[in-house]
Amino acid sequence: MTHRRVALWGSLAAELIGAWGLGWDIQWHMTIGRDSFWIAPHLMIYSGVVAGLVLTWGVLVYECLEGITPTRGFRLAALGLVLVVLAAPIDDLWHRLFGLDVTLWSPPHLLALFGSAVSTLGCLLIAIEVYPVRSWAGRAALLLAGALLYGGIRVTLDPSWLLAYTYGGVLFHTFAMLAALILPLALVTAARLSALRWAPVFVVILSFAVGIVGQQVARAGFEILQPVPFVGEEVARDSGSAIAVGREIVEKNQAVPPPPWALRLALPLVPAAVMALADPRRRPSAAAIAYGAAVFAAYTWFLSTLPAYGPLTPSAFETAAALALTVAYGAAGGHVARWLSDRLIGGPRRAGAALERPVAGATSPGR
């Protein structure tokens, strides 16, 4: 069990490095451009991937040689990292064929993000395989893995802001609709696996802290390397590209001061607290619906205060239609998150047992 626990924490550390590299990579694309595959953020991302591969596949090979049946968690984590590695040459080929400036929602990017999510789900599963129910170490691993999963999914939703700006109307609320559908996969799953009602709040806070550290890593990297920007040439060549539109949004929003850190944290944290109040452990669909509605309200208000988005605020009918879709997506997201957490734990009966199982000295699960 010891080597599995060491591999788990090593894999989480490797994913943390990859997450910081991803944040730096996005800033690099927006401010510098993509001059080659071998830019520093990519090297940081794939150093984390290689470390994870060594750890997960090392455990699989070692246990096979020892005649031990590898756990589902390590098999899932190893498979996810293989998908990330496969995405690298596809991404390089994609850029050669279609240019340097592409959206985050390109097939190779989505394959890499999906592989990373699968690997993180593997880490969630490993945590409940190698630690007792409700142990402090197990819950710490679950919350950190949940934060990494939440952060990765959250980054995947970034192009929704471009859709909101470009098309308006119902699509003005693209982020809220997608958040209600997809983010419960991280938040509800973390709550049900850890048996912590307030796990969504802890996950968002941890993810926010990881993001702050990542911004400092990117800032230090830029200061050390001092790369020469050339993204302006790409923007001039294609004014309708994702990066060009993103820069246009940033320029318009410079008319108002950037939101303070407290507001940046409150925007994702308040919906997470609403989800916790609805108790995602026992009522995942209701909690996901409440979460989606809270995200919808929070970001509708926030976008209306920004110069780039304020004039695009949709009509009451379009807003009501988007809210109805958000509620429907929340119900679907909660249902899928319940199914996913049940599969990770080992079935609905074991999931229920995990929530009700008493532990000496523990408080009641509702507190």
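No lab work stands behind these numbers, since they all come straight from the coordinates. Bear in mind that the values here come from a model prediction, so they are computed numbers and not experimental data. Note that each Cβ is placed from the backbone with ideal geometry, even for glycine, and that neighbours are counted across all protein chains shown.
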Margin query: So if each residue of separation counts as 0.36 nm, and I subtract the Cα-Cα distance between R282 and T313, what length gain in nm does that give?
Written below: 7.6 nm
Next item on the list: Mind putting together the pair-distance distribution for the chain? All Cα pairs, 20 Å bins, whole percent per bin, short to long.
Entry: 28, 58, 14, 0
Check: Hey, what number do you get for the chain at 222 nm if only DSSP H runs of n ≥ 4 count, each worth -39500 (n - 2.57), divided across all residues, to the nearest 500?
Finding: -26000 deg cm²/dmol
Note to self: Can you compute the charge dipole magnitude of segment 2-356 about its Cα centre, using +1 on each Lys and Arg Cβ and -1 on each Asp and Glu Cβ, nothing else charged? Give it in debye, rounded to the nearest 20.
What the structure shows: 1360 debye
Next item on the list: Taking 7 Å along the Cα-to-C-beta vector as the label spot, tell me the R264-M30 distance in nanometres, rounded to one decimal.
Entry: 1.0 nm
Item checked: Segments 163-172, 277-286 sorted - mean Cβ within 10 Å per residue, highest first -> 277-286, 163-172
Item checked: Coil-residue GluC sites (Glu not before Pro) of segment 1-104, DSSP, other Cβ within 10 Å capped at 11 -> E66
Checklist line | Linear extension gain, L225 paired with L97, 0.36 nm per residue minus alpha-carbon span | finding: 43.3 nm
Next item on the list: Subtract the Cα-Cα distance of I90 and T69 from 0.36 nm times their separation in residues, and report this length gain in nm to one decimal.
Entry: 4.3 nm
Checklist line | segment 175-284 - convex hull of alpha carbons, volume per residue in Å³ | finding: 146 Å³
Note to self: What value in Å³ per residue do you get for the convex hull of the alpha-carbon atoms in segment 1-56?
What the structure shows: 48 Å³
